[in-house]
Amino acid sequence: MSYQIIVAALAGLAIGPFVASYGKIASEKINKRDLEYNEKAKANGEELIDLPEGMNLYKNNTLSMIIITALSAILLLILSSFTKFDYNFAIFAVITEILLGISIVDFQVYEIPIECNGLILLLGIIHLILDRSNWLNYLIGFAAVSLIF
């Protein structure tokens, strides 16, 4: 067993609880914001927004934490089999964990927190600075995704 696999698994196990906690906190924050908006809108006679009826992943908080932590470790293990253990792995690992957090929040409240998009943009810029040889490919990828969304 290579040290890269061990480090990837341990990183996933260490980061997983933070990702799970972020998912719960961000989902609750968005729900609270939407409920407060509806209360104000109702008081002013305005139209209410539809609140999503996403899945409640945190009915059993301990089980949710274990599953998300295990998923985090599995994702980083998969990543480690495709990426050399260098700065690319570190950047891709952080992006993978951010995307896991995004998917948890999206699954809960059907919304993607904007700060996650900003972090991914920042990591993309850092990756571009560290690997300037492929700047045109990165620029095309950035433009293609940005134009679609």
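The values are calculated or read from the model by the stated rules, or taken from the named source; none is laboratory data. Keep in mind that what you see is a predicted model, and the values were worked out from it rather than measured. Glycine gets a Cβ as well: all are built from the backbone with ideal geometry, and neighbour counts include every protein chain shown. Each accessible area value is taken on the protein alone, full model and side chains, heavy atoms only, with ligands, DNA and RNA left out. Shrake-Rupley method; radii C 1.70, N 1.55, O 1.52, S 1.80 Å.
From E53, E36, which residue is outside any helix (DSSP H, G or I) and acidic (D, E)?
On inspection, the qualifying residue turns out to be E53.
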Check: Taking the stated definitions as given, is Y22 touching a Gly at 6+ places or on another chain (Cβ under 6 Å), within 23 Å of Q108 (Cβ to Cβ) and open to solvent by 40 Å² or more (accessible area, probe 1.4 Å)?
Finding: yes
Item checked: In the range 31-80, residue nearest to the chain's Cα centre (by Cα) [restricted to those that are surrounded by 11 or more Cβ atoms within 10 Å (Cβ to Cβ) and small (G, A, S)] -> S72
Next item on the list: Six or more apart or on different chains, Cβ under 8 Å: which pairs go from a residue in the range 1-26 that's farther than 12 Å from I66 by Cα and among the charged types (D, E, K, R) to one that's open to solvent by 30 Å² or more (accessible area, probe 1.4 Å) and in a helix (DSSP H, G or I)? Could you list them?
Entry: K24/N61
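Identify the residue in the range 92-122 that is part of a helix (DSSP H, G or I) and either under 20 Å from S2 (Cα atoms) or acidic (D, E) (or both) and, among all such residues, is most open to solvent (accessible area, probe 1.4 Å).
Looking at the filtered set, the residue picked out is E115.
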Check: Just a yes or no: is a residue in the range 30-44 aromatic (F, W, Y) and closer than 14 Å to G101 by Cβ?
Finding: no
